Structure formats: structure tokens, C-alpha cells
1. Would you confirm, using the coordinates I've provided, whether MET162 is open to solvent by 40 Å² or more (accessible area, probe 1.4 Å), in contact (Cβ under 8 Å) with a residue 60 or more places away in the chain and under 18 Å from the mean Cα position of the chain (by Cα)?
2. Within region 64-97, can you find the residues that are under 18 Å from GLY223 (Cα atoms) and among the charged types (D, E, K, R)?
3. Run SER100 past the list (1) open to solvent by less than 10 Å² (accessible area, probe 1.4 Å); (2) in contact (Cβ under 8 Å) with a residue 60 or more places away in the chain; (3) of a type in the set (Gly, Ala, Ser); (4) more than 23 Å from MET147 (Cβ to Cβ) and report the number of the one that doesn't hold.
4. In this structure, is LYS14 open to solvent by 30 Å² or more (accessible area, probe 1.4 Å), in contact (Cβ under 8 Å) with a residue 60 or more places away in the chain and in a helix (DSSP H, G or I)?
5. Look through ALA225, ALA217, ALA190 and report the one residue that is among the hydrophobic types (A, V, I, L, M, F, W, C) and over 30 Å from GLY41 (Cα atoms).
6. How about region 1-11: which of its residues are assigned to a helix (DSSP H, G or I), open to solvent by 20 Å² or more (accessible area, probe 1.4 Å) and hydrophobic (A, V, I, L, M, F, W, C)?
7. Looking for something of a type in the set (Lys, Arg), within 20 Å of HIS131 (Cβ to Cβ), surrounded by 14 or more Cβ atoms within 10 Å (Cβ to Cβ) and in contact with a helix residue (DSSP H, G or I) (Cβ under 7 Å, 6 or more places away or on another chain) - is there at least one such residue anywhere in region 209-229?
8. For region 127-146, which residues satisfy the criterion of being within 14 Å of LEU101 (Cα to Cα) and open to solvent by 10 Å² or more (accessible area, probe 1.4 Å)?
Amino acid sequence: MSEVAQNILRIREKAAAAAASCGRSVDEIALVAVSKTFPVGSILQAAETGLQRFGENRVQEAEAKILQLRRTFKLEWHLVGHLQSNKVKRAVELFDVIHSLDSVKLASKINQAALERKKTQSVLLQVDLGHEETKFGADIETIPEIMAAVSGLNGIRLDGLMTIPPYFDDPEKSRPFYQKLRELRDALEAERPGCLGKKHLSMGMSHDFEEAIREGATIIRVGTAIFGLRQ
């Protein structure tokens with residue numbers, strides 16, 4: 001068994017334990033292996049374990065990997081990094097889910113690109129809860145405007161929310177951010193049932209995915225804990 005395969009096994013065990021600790025099933029939680037900066041060979045090792053969902057941060061870096069791997073595996077690709085307007089068309093061509101919708105303008109561009117491809121693009125609304133200068137996402141105050149705009153677009157399906165909290169050495173300190181995202185999703189759904197499609201909560205990374213699961217994560221984005229430290 002490769003080191004990548006061993007790492008995936010450990011993560012699945014930890015995810016199952018975290019889910020059980022709060023009365024959830026691990027089957028409710030999708031593991032997205034974030035393969036940014038890692039070569040196709042590393043992704044192949046993960047795919048050979050049966051893992052099907054992979055995340056990339058940059059459209060340009062992901063393109064060659066996705067096109068090459070399409071010949072061998074049917075994988076689901078998630079764009080988990082910030083999406084620049086000039087990369088929207090290619091992102092819609094390549095990715096199954098875009099986690100980083102954060103404005104009405106970006107929603108309009110994604111919608112247009114999806115309609116041109118006769119595709120309904122699954123997106124998650126990235127919410128800025130940490131207010132760090134280096135992070136992206138929509139302010140909570142702008143969410144009603146974005147959701148109202150998306151509801152009138154036929155090329156987009158809004159399937160939930162995503163956030164990236166500040167990094168803490170103690171992963172327990174991430175939990176209030178994840179709790180807030182869950183409460184936001186529940187409030188939006190209570191106000192307008194069905195407005196968030198699959199009701200996803202994309203939250204939790206290598207160092208704090210167990211805490212995210214305990215707060216309701218349905219998608220965890222794990223990179224270094226699978227592939228190792230990035231160069």
C-alpha cells in the first residue's frame with residue numbers, strides 16, 4: 001500500500017469516528033483530495049484507492065491534470081480556490097463543482113459560460129467569516145443579493161456554502177466559524193426551503209476536518225494529510 005493510500009485510510013477512519021461522535025454517518029461526508037501542486041502520479045495513487053473527488057486551486061494548473069486523467073478515471077473535480085473572471089469559461093468546462101462563488105458579477109459570468117456549454121454548473125457560495133486580507137468570499141451582508149441573483153440564472157445550481165476560517169494551531173478554535181456557517185445555511189433554508197440545493201457545507205481541511213465534521217460539514221477538503229507537505 002502506498003503512503004498516499006495509507007493516509008487516505010487514516011483520514012477515512014478519523015472522519016468515521018468524528019461522524020459517529022455526533023450521531024452522523026460518514027456516508028454523509030464527501031472527501032475531496034486537494035491535489036494542488038502535486039503531480040498526476042500522486043493523484044493516480046489516490047484514485048486507485050477508489051477516491052473519486054479531487055480539488056484544485058488554479059484553473060491553469062488543473063487543466064493538464066484533468067485532461068490527462070480523463071483517459072483513465074472518471075473523477076469529480078472541484079475548484080476550491082479563488083476564481084478569476086478571465087478563467088471562468090475554462091473553469092466551467094473543467095470542473096464539476098465550483099466552491100468559490102462570491103459575487104453577483106462572478107455568478108453572471110459562470111451562468112453565461114454554463115449556458116454556452118448547455119450545462120448546469122454546481123456552485124457553492126464562499127462566505128468570508130474570518131475577514132482576513134488574504135482570503136476571499138462574500139460578506140454575510142451581501143448574501144441575500146447574491147442568492148437573489150443566482151435564483152434567476154438557469155445555468156447555475158447553488159448547492160450550499162463554503163468557508164475558509166483563519167488558521168489556528170488549536171483546531172478547536174475553528175469550530176465557531178463552522179458553527180456559524182451551519183447556522184447560516186439553516187437560516188437560509190428555513191427562510192426559503194430548497195434555496196441551497198444539496199445543502200452542502202464545504203468546510204474543514206487537513207488540520208481541522210474532524211471539528212468541521214462535528215459541526216456539520218458535508219464536504220471536507222484535505223490536501224497535505226493525503227499527499228504530504230507542499231514544496
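The values are calculated or read from the model by the stated rules, or taken from the named source; none is laboratory data. For clarity, every value in this text was computed on a predicted model and none was experimentally measured. Cβ sites come from the backbone with ideal geometry, for glycine too, and all protein chains shown count toward neighbours. We work out accessible area using only protein heavy atoms, side chains counted, and drop any ligands, DNA or RNA first. Shrake-Rupley method; radii C 1.70, N 1.55, O 1.52, S 1.80 Å.
1. For MET162, the condition - open to solvent by 40 Å² or more (accessible area, probe 1.4 Å), in contact (Cβ under 8 Å) with a residue 60 or more places away in the chain and under 18 Å from the mean Cα position of the chain (by Cα) - is not met.
2. Those that are under 18 Å from GLY223 (Cα atoms) and among the charged types (D, E, K, R): LYS65, GLU76.
3. All conditions are met except number (4).
4. Numbers: open to solvent by 30 Å² or more (accessible area, probe 1.4 Å): yes; in contact (Cβ under 8 Å) with a residue 60 or more places away in the chain: yes; in a helix (DSSP H, G or I): yes.
So LYS14 passes the test.
5. Numbers: ALA225 fails: over 30 Å from GLY41 (Cα atoms); ALA217 fails: over 30 Å from GLY41 (Cα atoms).
It is ALA190.
6. Across region 1-11, the qualifying residue is only LEU9.
7. No: zero hits.
8. From region 127-146, those within 14 Å of LEU101 (Cα to Cα) are 127-128, 135-140, 142-146; that's our starting set.
Result: ASP128, LYS135, PHE136, GLY137, ASP139, ILE140, THR142, PRO144, GLU145.
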